[in-house]
Amino acid sequence: MLRRSLLVALTALTAGGTLAAAAGALAQDDAARDDARPLDPVAIVEALEGQVFLLRGGRQVPLEVRRAVADSDEILTFPDARVRLRFADGTLVTIGPNSRCLVAFHRRDAEREGDILRLIEGILRIFTAEAASEAIKVRTRSAIASPRGTEWIVERTPGSTAVFVVDGAVAVRGTAGGAVLLEPGFGTDVPDGAPPGEPKRWGQARVDDALARTSFR
């Protein structure tokens, strides 16, 4: 799991003192919460543009660069905003504008699928680290995307989910059944209550739009 030895891994990923600051912020958040359950850090904010908020324990606070993100945190981005998270294995996740994403990291068992980002709405882009022992999956209302490659995009719009592969391969399974394997340049649309559509090569305009919304200017 990515959570194993997370503090050691994040120390290697951040410049001197940044992990201490992030851990300190988490400790303050712990103290401010009513329950005694400790926060479980899984990533750190590497870059940010515009208004991005963290929903934690019923509170909404502005996100900042170098802040730790914990299990069960929810990320909310406003129009023209985006945030890039770096996970302990080096995986980078950029959440684009008008998005809402829940970090759901759990130990794998019969009922849980392991490390998952639940994309409630909006768009995100993932660079899966080659060294990742257990790659992060993305789940939406209509689809579950499991990477077998290094760069891919998931977008959730009302009534449908789109998945596109920039590099590598991604297996997409519909929550209503059916599955497809996407290769570079191909994408699929998964309507709610339906299986993934046949993989199709995306037009350049659609690709450019998705990349633009998940890139920093």
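Remarks
- Looking only at the stretch 71-89, and only at residues there that are within 16 Å of ARG118 (Cα to Cα) and part of a loop (DSSP other than H, G, I, E, B), the one that is modelled with the highest pLDDT: ASP73
- Check on VAL166, modelled with pLDDT of 95 or more, under 20 Å from ASP115 (Cα atoms) and of a type in the set (A, V, I, L, M, F, W, C): no
- Check on LEU26, over 17 Å from LYS137 (Cβ atoms) and either part of a loop (DSSP other than H, G, I, E, B) or modelled with pLDDT of 95 or more (or both): no
- Residues satisfying the stated conditions in the stretch 146-157, i.e. part of a strand (DSSP E or B) and either under 9 Å from LEU119 (Cβ atoms) or touching a Gly at 6+ places or on another chain (Cβ under 9 Å) (or both): PRO147, GLU151, TRP152, ILE153, VAL154, GLU155, ARG156, THR157
- Filtered residues of the stretch 161-217 (kept if among the hydroxyl-bearing types (Ser, Thr, Tyr) and more than 26 Å from ASP80 (Cβ to Cβ)): THR175, THR188
- Residue within the stretch 120-133 that is closer than 20 Å to GLN60 by Cβ and either at pLDDT below 95 or surrounded by 17 or more Cβ atoms within 10 Å (Cβ to Cβ) (or both) present: yes
- Hey, VAL42 under 15 Å from CYS101 (Cα atoms), modelled with pLDDT under 95 and among the β-branched types (Val, Ile, Thr) or not: yes
The values are calculated or read from the model by the stated rules, or taken from the named source; none is laboratory data. This is a predicted model, so every value here is computed, not measured. We place every Cβ from the backbone using ideal geometry, glycine too, and count neighbours over all the protein chains shown.
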